[in-house]
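Reviewing the structure listed below.
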Amino acid sequence: MHKAETPGGEQADEENGVDHVFLDLERELAVFYRRARGIAADMARQVDPGLEPGAYALLAQLEGAGRRATELAGYFNIGKATVSRQLHALEELGLVDREPDPDDGRAALVRLTEEGRRRVLSVRRARHAEYVQQLAGWDPAEVAELARLLGRFNELNAGGGGRR
């Protein structure tokens, strides 16, 4: 296999045109996603032992104002049926409720109940303490840069541009 240097100095595989920087990125993202799923599952269990991992992300997204279910589905780039099922489970646990949308009486806004808010805050505080401990050796500017880059990366698929 022949390797050639790209204009940026990276090694590229001439046979298939794969840029090794992107292979490294793919590998690291695969590890990150796998670990993130585990963290999400743990956080969901802390809220309620039977909660699906993806439901915690919905709860966290509802911390501010109420949101429509379709808006949540678009934000997370997941199907409406998945969001509906998870919201139903959260309602059954008393963690969210629905109220009429003041802008459109036909629609409903989902919002955290006081119990939901209490549980999300508790889990968030515990996770925050873990991040502080894990990243204690990092310069705060590095943590800020990581957050900025992850935010920029997450914007790439904002608005439902990927798979469902």
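Among the residues of segment 51-63, count how many are out of contact with any Leu (no Cβ under 8 Å at 6 or more places or on another chain) and open to solvent by 50 Å² or more (accessible area, probe 1.4 Å).
So the answer is 2.
Inspect segment 104-112 for any residue being closer than 20 Å to Arg35 by Cβ and free of Cβ contacts under 8 Å to residues at least 40 places away in the same chain and give the result as yes or no.
no
Could you check segment 41-73 and list, in sequence order, the residues that are closer than 20 Å to Arg111 by Cα, among the small types (Gly, Ala, Ser) and in a helix (DSSP H, G or I)?
Ala44, Gly54, Ala55, Ala57, Ala60, Ala69, Ala73, listed by residue number.
Out of Arg111, Arg106, Arg119, Arg125, report the one residue that is buried (at least 16 other Cβ atoms within 10 Å of the Cβ) and out of contact with any helix residue (DSSP H, G or I) (no Cβ under 8 Å at 6 or more places or on another chain).
Arg111
The values are calculated or read from the model by the stated rules, or taken from the named source; none is laboratory data. Just so you know, these numbers come straight off a predicted model, no measurement behind them. In this analysis, Cβ positions are derived from the backbone assuming ideal geometry, glycine residues included, and neighbour counts consider all displayed protein chains. These area figures cover heavy atoms from the full protein model, side chains too; ligands, DNA and RNA do not enter into them. Shrake-Rupley method; radii C 1.70, N 1.55, O 1.52, S 1.80 Å.
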